[in-house]
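The structure appears below as structure tokens.
Every read-out reported here was derived from the displayed coordinates using simple, explicitly stated rules and does not represent laboratory data. No experiment lies behind these values; they were computed from the predicted model shown. Note that each Cβ is placed from the backbone with ideal geometry, even for glycine, and that neighbours are counted across all protein chains shown.
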Amino acid sequence: MTISPAYRKTILFGLFMPMTLFILGVYNGIMQTIYRAGVIHRTSVAGINYYQGLTLHGVINAIVLTTFFAVVFGHVTVSFYLKKEPPKWTYLMSMLLMVVGTLMDAFTMLAGTSEALYTFYAPLQDSPLFYIGTALLIIGSWIAFGGWVKVWFEWRRENSGKKMPLAVLGTFVNFTMWFMSTLPVAYEVLVILTPWSLGWTNQVNVPLTRMLFWMFGHPLVYFWLLPAYIAYYTILPKVAGGKLYSGNAARLAFLLFLILSTPVGVHHQFSEPVFTPGTKFWVSILTFGVAIPSFMTAFTVGASLEYAGRKRGAKGLFGWMARLPWFQQENFLFGYFICGLILFIFGGLSGIVNASYSLNQMVHNTSWVPGHFHMTVAGPVLLVILGVSLYIYSTVAGKTIKFRTLATIVPYLWMFGVALLSHGMMAGGLMGEPRRTNMGMTYTNPDSDLFNKHWVATSTTTMIGGFVMGAAALLYFISFFATATGKRTMEPVIELPESEDLHEEKPVPLLLNMRPWIIVSAILILFTYIPALISVFKYSAPVRNKFQVENPNNMIK
Amino acid sequence: MNKYEIKVVLLSGLLLSSFLFALLYNAFSRKIDTPACIPYNAAFEKGHVRQLDDSTCEVYVSAHMWGFDPAEIVIPVGTTVEFYLTSTDVVHGFNIDGKGVNLMAVPGGVNRITVPFNSIGTYRIVCHEFCGIGHQNMMGKIIVKDKIYQQ
């Protein structure tokens, strides 16, 4: 499909800007592994202190890059499958708000006025600009969704009787879930934290802000993940040379995410006061439930890959694995997808440990947790973002991919790096190594009273993993930026590899209508969060606390 | 969806149910305590140790930037300790090395857990939630002593 210049530029800018910031995100990631391994015993390097770097790493990699990609990938999937561009004002306005919000966040983080990490837990105070910037980024993504809904209704009128394309369903499920779950955080930042940060109010109910944050904080991880799932269902079977095993199973998986993503946020708060054991246990069950669509995805994607391998002449039980298009330049996307999937096996399983109420006591807030989520967000999520960004940039800009060899080996190298990094962090976490801590100053500094020799080996493994990931990222940046700054050689088009279904399936009405699923989702959210909210008000009290990260004195006298 | 897919859904459901059963079974049979909640009261903000009898004591811990009050808790071996934890400023963490005790100290809320200490030694308490630039210095200690030695 051809593309208007304004739409083309929006898509390309939406890939280019976050990818540029991602350089800063990667740099700060590598630096953290060096601090933590005790190689340097310093509070800051090159003017960025450890916690400022950690804030930059988290906000850029996990909120900015992922949200921009979800929006750009949404533009591309919706336009490719519906053959329409969304209204011009929606994509321009959306991109403008997201860019302004991101610049506000980046400015305050670099200036050192917002260093309370990406979870911005009160009563640590960030600059009001940070809270507003984050809200603008989120609101910008809502507007993009509004544009797609409009073209969807047009398409449905013109194509009555046709099924909603799977990729569009995935995108709509993702953004519906995103809209529902970002309302609480929008309330938190705009109504509670911004006036508090400006000094208009002095009281804050800390457990309430934490609950509102995690109502958004866990659906956020599915918001990162679902674009990757869309790619796994609709692109991967094609690039692997096969077909999608079952479209209906894919639809069911997406719809299960719609109902189960939001009401599970409390599982980040198992170690906290305020929530009753009943609420915590209920959320454990729901979180186990949300693992089911991932098991289904593992099966459907695995079956699609097996079909692809057998079509190439594979024999035996596992022969199909060897026949897949590994390390092929003309098919570089496959490497990004498969390496992400391999990491996700371990990422998913370690996630079930975290979800398990009492097992979580062993690992909560230890480095086990970042060990786990680097195999999810830095596994399938990031690898799909990197691979598909390069692909979309090349097709939408009409530019040939440069340094294709480098781009082809990146995912394999990255996977190896993540495996080392996560192994180090998880092993350390089981021995109590804390996350989010400049350990080089104390715990891994032999001159400190707090020195703990057990954490040296694990944090060193983590650092080696960090170096390997850094090397992979460097190779990727060479290819991406060389491609982006190259000359146009082809006609710009919106183009995606499109998988076919293996067999024609009977349409199931329940899987074609999002409305009942949205209602169930709302009921589950209320059923979980009304008791949680009652607990918050019953067991906690607002406090007159306001602190800056570098000063242990309360700003409220 | 064909029969294989339906089997997969059932099997994964079964697998998760068995995990859930294991959780419940262990929680009850081994009496694994999870953090419980009690209404907040500012009186909890003052850290102290209260010996109830020979084998039980209550420890009120107040976390602050960047230390715990009391910084050092001395108890005789065989004591079952009931911890009450809160914070006077920002959010802190409370992880007792080697005991699987893992709590958040949240201002405006009180966390509670019961832990038996049956072996002599020094247990370190690590703050594992970011609480400002001194976070990496924040550590407490529980010293479990021999009963005879203490007398």
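Computed packing ranks the peptides A:406-418, A:363-375 as A:363-375, A:406-418, most packed first, by mean other Cβ atoms within 10 Å. Pairs A:Lys311/A:Lys506; A:Lys9/A:Lys243; A:Lys506/B:Lys3: which exceed 21 Å Cα-Cα? Pairs exceeding 21 Å: A:Lys311/A:Lys506; A:Lys9/A:Lys243.
The mean sequence separation of alpha-carbon pairs under 8 Å and at least six residues apart, normalised by the residue count of the range A:361-512, gives a relative contact order of 37 percent.
Electrostatic tally near A:Ile556: other residues with Cβ closer than 9 Å to its Cβ, Lys and Arg +1, Asp and Glu -1, net +3. When only alpha carbons are used to place a centre, the range B:89-151 and the range A:318-349 end up 44 Å from one another.
Comparing A:Ala419, A:Gly371, A:Gly486 along the charge dipole axis of the range A:364-516, the residue lying farthest to the positive side is A:Gly486, per the Cβ-charge model. Per-residue Cβ neighbour counts within 10 Å put A:Leu341, A:Leu236, A:Leu512 in the sequence A:Leu512, A:Leu341, A:Leu236, beginning with the fewest. Here B:Lys141 is the anchor, and the lysines within straight C-alpha reach of less than 25 Å, apart from those fewer than 8 places off in the same chain, are A:Lys453, B:Lys31, B:Lys46, B:Lys99. Okay, which of the range A:316-353 sit inside 18 Å, backbone N to the point 7 Å along the Cα-Cβ direction of A:Arg310? Only A:316-325 pass the distance filter. Return the long-range amide H neighbours of B:Phe94 (sequence gap of 5 or more, or a different chain), with a cut-off of under 5 Å between placed amide H atoms. Amide H neighbours of B:Phe94: B:Leu103, B:Ala105, B:His128. Over the range A:5-539, the Kirkwood radius and the radius of gyration, each from Cα atoms, give a ratio Rg/Rh of 0.95.
Based on C-alpha pairs under 8 angstrom that are at least 6 apart in sequence, chain A has a relative contact order of 21 percent. In chain A, the DSSP beta bridges split such that about 75 percent are antiparallel, to the nearest 5. Taking the average, over residues, of other Cβ atoms within 10 Å as the packing measure, peptides A:138-151, A:240-253 rank A:240-253, A:138-151 from highest down. Remark: the range A:265-280, residue by residue, has Karplus-estimated 3J(HN,Hα) of x, 4, 5, 7, 10, 4, 8, 9, x, 5, 8, 7, x, x, 4, 5 Hz, where x stands for each Gly or Pro and the curve is 6.51 cos²θ - 1.76 cosθ + 1.60 at θ = phi - 60°. Phi angles across the range A:321-328 convert, under the Karplus curve 6.51 cos²θ - 1.76 cosθ + 1.60 with θ = phi - 60°, into 3J(HN,Hα) values of 5, 6, 8, 6, x, 5, 6, 10 Hz, Gly and Pro given as x. Partner shielding of A:542-550 amounts to 5, given as the average count of beta-carbon atoms from other chains within 10 Å of each residue beta-carbon.
Residues A:Glu505, A:Glu154, ranked from the fewest to the most other C-beta atoms within 10 Å, line up as A:Glu154, A:Glu505.
Relative contact order for the range A:115-252: 33 percent, from Cα pairs under 8 Å spaced at least 6 residues apart, divided by residue count. Do the sum for the protein assembly as shown: with -39,500 (n - 2.57) for every DSSP H run of n ≥ 4, divided by all residues, what is the mean residue ellipticity at 222 nm, to the nearest 500 deg cm²/dmol? Theoretical 222 nm ellipticity from helices: -19000 deg cm²/dmol. Overall, chain B carries a charge dipole of about 480 debye about its Cα centre when +1 sits on the Cβ of Lys and Arg and -1 on the Cβ of Asp and Glu, all other atoms neutral. In the range A:96-222, taking the dipole from charged Cβ atoms about the Cα centre, the farthest positive-side position among A:Phe179, A:Val189, A:Leu129 is held by A:Phe179. For A:Lys546, the residues 5 or more places off, or on other chains, whose built amide H falls under 5 Å of its own are A:Met555, A:Ile556. The string of couplings for the range A:307-315 from the Karplus curve (6.51, -1.76, 1.60, θ = phi - 60°) is 4, 4, x, 5, 4, 7, x, 6, 10 Hz, one whole number per residue in order, with x for Gly and Pro. Peptides A:100-106, A:54-60, B:96-102, ordered by how many other C-beta atoms sit within 10 Å of their residues on average, highest first, read A:54-60, A:100-106, B:96-102. Peptide A:284-291 has a mean of 3 when you count, residue by residue, the C-beta atoms of other protein chains within 10 Å of its C-beta. Taking amide hydrogens as placed 1.01 Å from N in the peptide plane, the amide H of A:Val493 sits under 5 Å from those of A:Val396, A:Gly398, each at least 5 positions away in sequence or on another chain.
Please list, in order, the residues from the range A:520-541 whose amide nitrogen is less than 17 Å from a point placed 7 Å along the Cα→Cβ vector of A:Arg156. Inside the label zone: A:520.
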